[in-house]
1. Can you list residue pairs whose Cβ atoms sit under 7 Å apart, with the first residue in segment 6-27 being within 23 Å of Val66 (Cβ to Cβ) and in contact (Cβ under 8 Å) with a residue 12 or more places away in the chain and the second being polar (S, T, N, Q) and in a strand (DSSP E or B)? Count only pairs 6 or more apart in sequence or on different chains.
2. Identify, from the list Val50, Val66, the residue that is surrounded by 16 or more Cβ atoms within 10 Å (Cβ to Cβ) and touching a Ser or Thr at 6+ places or on another chain (Cβ under 7 Å).
3. Mind checking which residues of segment 90-113 are among the aliphatic types (A, V, I, L, M) and in a strand (DSSP E or B)?
4. When the residues of segment 76-89 are narrowed to those that are assigned to a strand (DSSP E or B) and modelled with pLDDT of 95 or more, which ends up nearest to the chain's Cα centre (by Cα)?
5. Give the residue that is nearest to Arg54 (Cα to Cα), with candidates limited to residues of segment 80-91 that are exposed (fewer than 14 other Cβ atoms within 10 Å of the Cβ) and touching a Lys or Arg at 6+ places or on another chain (Cβ under 7 Å).
6. With the structure loaded, tell me whether Glu57 is outside any helix (DSSP H, G or I), over 17 Å from the mean Cα position of the chain (by Cα) and either surrounded by 15 or more Cβ atoms within 10 Å (Cβ to Cβ) or among the acidic types (Asp, Glu) (or both) or whether it fails that test.
7. Which members of segment 50-66 meet the condition of being farther than 10 Å from Ile101 by Cβ and of a type outside the set (Lys, Arg)?
Amino acid sequence: MTSKYARKQRKALYNAPNHVRTKGVGSHLSDELIEKLGRRTVRVVKGDTVKVVRGDEDVRGLEGKVTRVDTQSGRLIIEGVTIAKADGTMTERPVHASNVIITKLDMKDSYRKQKLQYEEGSQ
C-alpha cells in the first residue's frame, strides 16, 4: 500500500485489478511443505487441502478440501465448514484465506507444478 490512510487502503483493495486480487488468496504452508518447497506462502487453488487455524470455535481446527476460491472477497469455501441458517438448514461458510494453512497441495495443474518445482530447485 502506498497510503497510511485506512480509507485509501480499503479503496485500493476494493478497486484492485484481478492480477492483484489473486495475491489476496495466498495462504501459509504447513511446516512440512515449507521444508519441501523452500517457501512460506502459496496461492490457494480449488482442490488444495487446508486447515482452519483462526476463527470461531465451531470452525477452528477443521480440515477439508477447497471447493471454491472467491478472489473478490479473498475467501474460500471448504468442504465440511458449514453454518446453520435461521431455518435450520446448513450452508457453506466462507473463510478468509489468511485464516487457513495449506496442508496438501493439488498438483494437477502442470504450470503450478512446474513453477513450484522450479522454485524448489532454485533455492
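1. As it stands, the answer is Gly26/Thr41; Ser27/Thr41, since those pairs meet every condition given.
2. On the way: Val66 fails: touching a Ser or Thr at 6+ places or on another chain (Cβ under 7 Å).
Result of the check over Val50, Val66: Val50.
3. Residues satisfying the conditions are Met90, Val95, Val100, Ile101, Ile102.
4. First pass over segment 76-89, keeping only residues assigned to a strand (DSSP E or B): 76-78, 82-84.
The next check asks that each one be modelled with pLDDT of 95 or more; those that pass are 76-78.
Values: Leu76: 6, Ile77: 9, Ile78: 10 Å.
Per the criteria, the residue is Leu76.
5. From segment 80-91, those exposed (fewer than 14 other Cβ atoms within 10 Å of the Cβ) are 80, 83-91; that's our starting set.
Now restrict to residues that are touching a Lys or Arg at 6+ places or on another chain (Cβ under 7 Å): 83, 91.
On the way: Ile83: 16, Thr91: 20 Å.
Here the answer is Ile83.
6. Numbers: outside any helix (DSSP H, G or I): yes; over 17 Å from the mean Cα position of the chain (by Cα): yes; either surrounded by 15 or more Cβ atoms within 10 Å (Cβ to Cβ) or among the acidic types (Asp, Glu) (or both): yes.
Here the answer is yes, as Glu57 does meet what is asked.
7. Once the filter is applied, which keeps residues that are farther than 10 Å from Ile101 by Cβ and of a type outside the set (Lys, Arg), segment 50-66 yields Gly55, Asp56, Glu57, Asp58, Val59, Gly61, Leu62, Gly64, Val66.
Let's see how each residue does on (1) more than 10 Å from the chain's Cα centre (by Cα); (2) more than 19 Å from Thr103 (Cα to Cα); (3) part of a helix (DSSP H, G or I); (4) among the β-branched types (Val, Ile, Thr):
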position	(1), (2), (3), (4)
Arg10	yes, yes, yes, no
Leu13	yes, yes, yes, no
Ala16	yes, yes, no, no
His19	yes, yes, yes, no
His28	no, no, no, no
Glu32	yes, no, yes, no
Glu35	yes, no, yes, no
Val42	no, no, no, yes
Val45	no, no, no, yes
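The values are calculated or read from the model by the stated rules, or taken from the named source; none is laboratory data. Model, not experiment: these values are computed from the prediction. Note that each Cβ is placed from the backbone with ideal geometry, even for glycine, and that neighbours are counted across all protein chains shown.
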